[in-house]
Amino acid sequence: MTPKKIPVRRCVGCGEGKPKKVLLRLVRTAEGEISLDLTGRKAGRGAYLCASTACLERARKRKSLERAFGAAIPEDALVPLAEEIARAEAEAAGRPAEDADDG
Ligand SMILES: [Zn+2]
């Protein structure tokens, strides 16, 4: 019985190595946008982050994303990303991430 090797990646926020499947993959598009790659199949340079807004914040402060992508990241690019991560974080916490219909 050989245990399956779990691929581990490092979060650009906290720097912890974690199984790839619990991390979110971020991809920088040709347009310079950062998007969440939920399928793990998007082309482009990738970086990994915990499903955690705290880790995104840390990555932002430490300029880890700039380093990971080798390019400047406009603040604007992180706004939709932060929302997606917050949603993923809620999902990971076991809460359904449905849009609230209180509008
Ligand atoms: Zn992290």
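In region 21-35, the condition of being part of a helix (DSSP H, G or I) and within 11 Å of the chain's Cα centre (by Cα) is met by at least one residue.
Condition check: crowded, with 19+ Cβ neighbours inside 10 Å and either more than 10 Å from the ligand (Cβ to nearest atom) or farther than 18 Å from GLU91 by Cβ (or both). Does ILE6 satisfy that? In short, no.
Of all residue pairs spaced 6 or more apart or on separate chains, those with beta-carbon atoms under 6 Å, a first member in region 20-46 that is without any contact (Cβ under 8 Å) to a residue 60 or more places away in the chain and within 12 Å of ILE85 (Cβ to Cβ) and a second member that is more than 16 Å from the ligand (Cβ to nearest atom) and not hydrophobic (A, V, I, L, M, F, W, C) are ARG25/ASP37; ARG25/GLY40; ILE34/ARG28.
Assess whether LYS61 counts as being in contact with a Pro (Cβ under 7 Å, 6 or more places away or on another chain) and within 16 Å of the ligand (Cβ to nearest atom). I'd like the intermediate steps shown before the answer.
Values: in contact with a Pro (Cβ under 7 Å, 6 or more places away or on another chain): no; within 16 Å of the ligand (Cβ to nearest atom): yes.
No, not satisfied.
Could you check, for region 1-13, whether at least one of its residues is of a type outside the set (Lys, Arg), in contact with a Lys or Arg (Cβ under 7 Å, 6 or more places away or on another chain) and in a loop (DSSP other than H, G, I, E, B)? Yes, some residue in region 1-13 is of a type outside the set (Lys, Arg), in contact with a Lys or Arg (Cβ under 7 Å, 6 or more places away or on another chain) and in a loop (DSSP other than H, G, I, E, B). Being outside any helix (DSSP H, G or I), at pLDDT 90 or above and within 23 Å of GLU16 (Cβ to Cβ) is a description that does not apply to ALA59.
The values are calculated or read from the model by the stated rules, or taken from the named source; none is laboratory data. Being a predicted model, the structure only gives us computed values, none of them experimental. Methodologically, a virtual Cβ is constructed for each residue, glycine included, from the backbone with ideal geometry; neighbour enumeration extends over all protein chains shown.
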